[in-house]
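The values are calculated or read from the model by the stated rules, or taken from the named source; none is laboratory data. Since the structure is predicted, the reported quantities are computational estimates derived from the model, not experimental observations. Note: ideal-geometry Cβ built from the backbone for every residue, glycine included; neighbour counts use all protein chains shown. These accessible areas exclude ligands, DNA and RNA; they are computed on the full protein's heavy atoms, side chains included. Shrake-Rupley method; radii C 1.70, N 1.55, O 1.52, S 1.80 Å.
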Amino acid sequence: MVSHRSSRHRASTPRGRGLTALSAAAATAATLGGGTAAARPAEDPPAALDGLYADAERATEKYNAAAERVGGLQRQLSRAQDRAARGQAEVNRLRDSLGTVAGSQYRSAGFDPALALLLTDEPDAYLARAAALERVGHRAAGRLAELQRAQRVLRQHRQEGARALAELARHRTELADRRKDVRGRLATAQRMLNRMSAEERAARESRQEGAVRPASAVGGPGSAVGGPGAEGRAGAALAAATSVLGRPYAWGQAGPSAFDCSGLTQWAYARAGVALPRTSQGQAGVGRSVSPSQAQPGDLVIYRGDASHVAIYAGGGQVIHSPYPGAAVRYDPIGMMPVSAVQRP
């Protein structure tokens, strides 16, 4: 006879969880990934590992976004500091100039002007000097106003720098948190990978290839890999991506020796003279959207509903991308995971 307590325990336990160390790793990943891995059956390690890598990739793109903000703030701070330095130099110049004028006026103001005029042997010469001193006084007043303006501008630049520095400190903290998050997720995935058998690893690879749609369902007529249609900047970007086939995946890297997914596409398009955002989410808004059936070589293929992966369409139903840790830049079927958009920069 089975107790009610035992029945309730079985009813509340997810299918297969708690039976193996592998499923324990998946449960850990679910905690890290907000429950993403928990929905995957524990008896399917390849699918669970794919889920962990997807979670790590999402964390990587958040890291990339934070790193991009930090880089922008560093440039903003540098510009503010440069403007402040130039402003300080201008203030110093105006102060020196005013000091010279003030000293000249002090030396010329020893006598009352009326008395000096009565005592001088050359009234005309004195009047000429007095007129000159008056002009000097006007110039001094103008320089004083200029100095005050320069001081106001200097204060503004210093305030801008202080704000940028404070914001930079906050985002550096976020960047460190994101880095820790990515490393934690990748460590969980690596532990799961280490526990997988050779058969399970092979099943994972075949599962990815089995998800592809027929090549004829994607791309324009006759669009062989690297073939017709790869022209202009799209062709240059595709050629750049092709040139780094075999280079390793590394999270947070944008080439030329290693890449994450968005790092590869950003680097490839930079070789074609096109500046793409650093993250796959940012790249999902670049250029114009086209139907997957109209994809042409060089188009950006965006994956998953949250746009957390990106590849470059190579034609013939294939993409070039940097997949995940332990893999290298390679060709894969365009249908290796759900396509959410195709963008033409």
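For this structure, a couple of remarks:
- Filtered residue count, segment 253-271, keeping only those that are farther than 15 Å from Thr60 by Cβ and touching a residue at least 40 places away in the same chain (Cβ under 8 Å): 2
- Residue list for segment 250-269, filter: outside any loop (DSSP other than H, G, I, E, B) and of a type in the set (Ser, Thr, Tyr): Ser262, Thr265, Tyr269
- Answer from Arg107, Arg75 - the residue that is open to solvent by 70 Å² or more (accessible area, probe 1.4 Å), out of contact with any strand residue (DSSP E or B) (no Cβ under 6 Å at 6 or more places or on another chain), farther than 30 Å from Ala327 by Cα and at pLDDT 85 or above: Arg75
- Of all residues in segment 250-275, those satisfying the criterion of being within 15 Å of Asp299 (Cα to Cα) and either of a type in the set (Ser, Thr, Tyr) or open to solvent by less than 10 Å² (accessible area, probe 1.4 Å) (or both) are Cys261, Ser262, Leu264, Thr265, Ala268, Tyr269.
- The set of residues in segment 270-286 being over 18 Å from Val329 (Cα atoms) and part of a helix (DSSP H, G or I) consists of Gln281, Gly282, Gln283.
- Enumeration of residues in segment 287-307 that are open to solvent by 10 Å² or more (accessible area, probe 1.4 Å), part of a loop (DSSP other than H, G, I, E, B) and within 29 Å of Gly326 (Cα to Cα): Gln296, Arg304, Gly305, Asp306, Ala307
- Leading residue by the ranking (nearest to Pro345 (Cα to Cα)) among those in segment 237-249 that are touching a strand residue (DSSP E or B) at 6+ places or on another chain (Cβ under 9 Å) and open to solvent by 30 Å² or more (accessible area, probe 1.4 Å): Thr242
- When Pro338 is tested against (1) under 24 Å from Met192 (Cβ atoms); (2) surrounded by 18 or more Cβ atoms within 10 Å (Cβ to Cβ), just one condition goes unmet, and that condition is (2).
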